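Participant: Take a look at the following structure, please.
The values are calculated or read from the model by the stated rules, or taken from the named source; none is laboratory data. Everything numeric here is computed off the predicted structure, so don't read it as measured data. Side chains included, ligands, DNA and RNA excluded: accessible areas come from the protein's heavy atoms. Shrake-Rupley method; radii C 1.70, N 1.55, O 1.52, S 1.80 Å.
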Amino acid sequence: MRFVFFKNNAAGILETGVPRPLPYGYSYRIWRPTVTNIFPRDVLKVHGSHLSVLAWWVLQYLLTRRRIYRIVLIYHNGELVHFTLLSPKNLRCPFMKRDDAKLGKTWTAKPHRGKGLATFAVKQLVLPFKDTDMDFWWYCEEGNQASIGLAEKLGLRYVGSGCCKSRLGIEKLRFFCITHVENVMIESRTQNE
């Protein structure tokens, strides 16, 4: 399976316009983990097993020194209809610089797609970092036109394409790598460590 990779800093993302207000009937909150609050319960209802949620927390909270991991949760009449994660560099993204962040996983319930929820969520996530030089990365499967369109709408620039590889033959220990770079210089992994 092939993936495409995009990135930009907060200022570049925010140049595409200030976050529009959510449509009538929608509300949001930004959730942040703690040692005892490893994931919002609402997300468990719509995504993944308890094991995958625990794995996210370990990767994003316990195994990183930076505490930027957070999730925008968007509700419609009290029901969760969208979430977008922001996470620091981790073992799955060795191509990122130490202070970079990853946007996504993103999910929107089908009846609520096309209403700007993901755009709103991403802008809420990057806004606190508008005065930093941190890059925000977005990657998705090569054929996911909706995700690619969103990345471009958000001002994220295409970096290249790549794949996902397993470590030690263990699929759960997989990582992403950029194998084809498009007009962008990616610092080598050794410079970032």
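Participant: Quick check: at a probe of 1.4 Å, how many percent of the accessible area of the chain sits on carbon and sulfur atoms?
Facilitator: Using a 1.4 Å probe with all protein chains present, the chain comes out at 54 percent carbon and sulfur.
Participant: Please tell me which of these pairs span more than 26 angstrom C-alpha to C-alpha: 7/45; 45/102; 97/153; 45/172; 45/130?
Facilitator: Working: 7/45 30 Å; 45/102 23 Å; 97/153 23 Å; 45/172 22 Å; 45/130 32 Å.
From 7/45; 45/102; 97/153; 45/172; 45/130, over 26 Å: 7/45; 45/130.
Participant: Per-residue ellipticity at 222 nm for the chain, helices alone: DSSP H runs ≥ 4 residues times -39500 (n - 2.57), over residue total, nearest 500 deg cm²/dmol? Don't skip to the end; give the middle numbers.
Facilitator: Working: 6 runs with 42 residues, N = 193.
Taken over the chain, the calculation gives -5500 deg cm²/dmol.
Participant: In Å², what does the accessible area per residue of the chain work out to with a 1.4 Å probe?
Facilitator: 54
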